[in-house]
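Trainee: Please read through the structure below; I'll follow up with questions.
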Amino acid sequence: MFGFPNPVNEVAARTVAAGVAVLCAVTLVLSAALGTGWLWLTAVLAYGFVARVLTGPTLSPLGRVATQVVAPRLGHEKPVAGPPKRFAQGIGATLSVAAVVLHFGFAADTAALVLVAAVLVAATLESVWALCLGCRIFAALMRVGLVPEETCAACADISLRIA
């Protein structure tokens with residue numbers, strides 16, 4: 001049950017990112033229009049990220065829908081390395097859990113909304129342009145030696161990206 005797929009279907013990852021972007025946008029719009037009582041949605045966002053970090057799509061409703069329903073209907077699979085995607089999910093988990101703590105623990109709603117907006121930007125970049133900010137950070141950490149090459153052999157092998 002616990003683990004993360006490697007490789008990951010890029011189509012499914014972008015589908016999850018689209019769902020995350022929608023949830024973030026709804027949270028921001030409702031909070032702006034109707035008040036920060038809608039920040040409870042950050043708990044849903046945080047659950048999804050934590051579930052995906054720990055189990056991939058297994059315990060994430062959005063992950064399940066993306067991998068089993070939506071992605072297969074969008075076209076062929078595009079396998080990409082799993083570790084950078086898991087790292088990106090970990091960043092999303094960190095930001096969304098922090099937003100939950102800020103809202104529920106400290107009533108720091110503006111700070112929570114800023115974090116939700118940051119997740120919205122990253123999720124939009126991934127879903128629309130396949131630009132995974134967390135993956136870019138992961139690659140930079142590999143280049144400077146903070147993430148060992150063994151963590152992601154596919155990431156270290158440039159020949160796999162030339163196609």
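Trainee: Between Ser31, Ser60, Ser96, which gets the highest mean-square fluctuation from a Gaussian network model of the chain, Cα cutoff 10 Å?
Mentor: Ser31
Trainee: Quick one, what does Rg over Rh come out to for segment 53-108 if you take C-alpha atoms and the Kirkwood Rh?
Mentor: Values: Rg = 14.6 Å, Rh = 13.2 Å.
Rg/Rh: 1.11.
Trainee: Ok, one more. Could you tell me how far the Cα centroid of segment 1-34 sits from the Cα centroid of segment 105-134, in Å?
Mentor: Computed from Cα coordinates, the inter-centre distance equals 10 Å.
Trainee: To the nearest 10 degrees, how steeply does helix 41-55 sit against the main Cα axis of the chain, on a 0 to 90 scale?
Mentor: 20 degrees
Trainee: On to the next question. Using a 7 Å offset from the Cα along the Cα-to-Cβ direction at both Leu133 and His76, what is the distance between the two label points in nm, to one decimal?
Mentor: Once both label points are built, they end up 3.2 nm from each other.
Trainee: Another question, then. Order the following by accessible area, largest value first: Val69, Val116. Probe radius 1.4 Å; ligands, DNA and RNA are ignored.
Mentor: Details: Val69 70, Val116 5 Å².
Greatest to least solvent exposure: Val69, Val116.
Trainee: Work out the length of the dipole vector of the chain about its Cα centre, built from +1 on the beta-carbon of each Lys and Arg and -1 on the beta-carbon of each Asp and Glu, and round it to the nearest 20 debye. Mind showing how you got there, number by number?
Mentor: Numbers: 10 positive and 7 negative charges, 41 e Å.
Computed about the Cα centre, the dipole is about 200 debye.
Trainee: For the chain, what is the accessible area per residue in Å² when the probe is 1.4 Å?
Mentor: On the way: 8860 Å² over 163 residues.
Averaged over the residues of the chain, the accessible area is 54 Å².
Trainee: Still on this structure, please answer the following. Relative to the longest principal axis of the C-alpha atoms of the chain, give the angle of the C-alpha long axis of helix 82-100, reported between 0 and 90° and rounded to the nearest 10°.
Mentor: 10 degrees
Trainee: With n ≥ 4 as the cut-off for DSSP H runs, can you work out [θ] at 222 nm for the chain, using -39500 (n - 2.57) per run divided by the number of residues, rounded to the nearest 500? Walk me through the numbers before you get to the answer.
Mentor: Numbers: 8 runs with 104 residues, N = 163.
My calculation for the chain gives -20000 deg cm²/dmol from helical runs alone.
Trainee: Within segment 1-49, report the chymotrypsin sites (Phe, Trp or Tyr not before Pro) that DSSP leaves as loop and that have at most 14 other Cβ atoms within 10 Å. The partial results should precede the final answer.
Mentor: On the way: sites: Phe2, Trp38, Trp40, Tyr47, Phe49; in loops: Phe2.
Here the chymotrypsin sites (Phe, Trp or Tyr not before Pro) that fit, given the DSSP loop and packing criteria, are Phe2.
Trainee: Convert 10 °C to kelvin, take the viscosity as 1.306 mPa s, use the Kirkwood radius over C-alpha pairs of segment 1-112 as Rh, and evaluate the Stokes-Einstein diffusion coefficient in µm²/s, rounded to a whole number. Spell out each step's value before the answer.
Mentor: Working: Rh = 14.5 Å.
Estimated diffusion coefficient is 110 µm²/s.
Trainee: Tell me the accessible surface of Leu141 in square angstrom (1.4 angstrom probe, heavy atoms of protein chains only), to the nearest ten.
Mentor: Answer for Leu141: close to 50 Å² accessible.
Trainee: Between the helical axis of 10-34 and the dominant principal axis of the chain, each derived from Cα atoms, what acute angle in degrees is found, rounded to the nearest 10?
Mentor: Between the helix axis and the principal axis of the chain, the angle is about 10 degrees.
Trainee: Glu77: accessible area at probe 1.4 Å, nearest 10 Å²?
Mentor: 130 Å²
Trainee: Continuing with this model, one more query. Could you compute the FRET efficiency for Val22 and Thr110, with r as their C-beta to C-beta distance and R0 at 22 Å, rounded to 0.05? Intermediate values should be presented prior to the final figure.
Mentor: Numbers: r = 22 Å, r/R0 = 1.00.
Efficiency, from the Cβ-Cβ distance: 0.50.
Trainee: Heavy-atom accessible area of Arg64 with all protein chains present, probe 1.4 Å, nearest 10 Å²?
Mentor: Arg64 exposes around 100 Å² with every protein chain in place.
Trainee: Now a separate question. Which one of Val80, Val147, Val50 has the biggest mean-square fluctuation once the chain is modelled by GNM with Cα springs under 10 Å?
Mentor: Maximum among the listed residues: Val147.
The values are calculated or read from the model by the stated rules, or taken from the named source; none is laboratory data. These figures come from a predicted structure and were not determined experimentally. Note: ideal-geometry Cβ built from the backbone for every residue, glycine included; neighbour counts use all protein chains shown. Heavy atoms of the whole protein, side chains included, go into the accessibility calculation; ligands, DNA and RNA do not. Shrake-Rupley method; radii C 1.70, N 1.55, O 1.52, S 1.80 Å.
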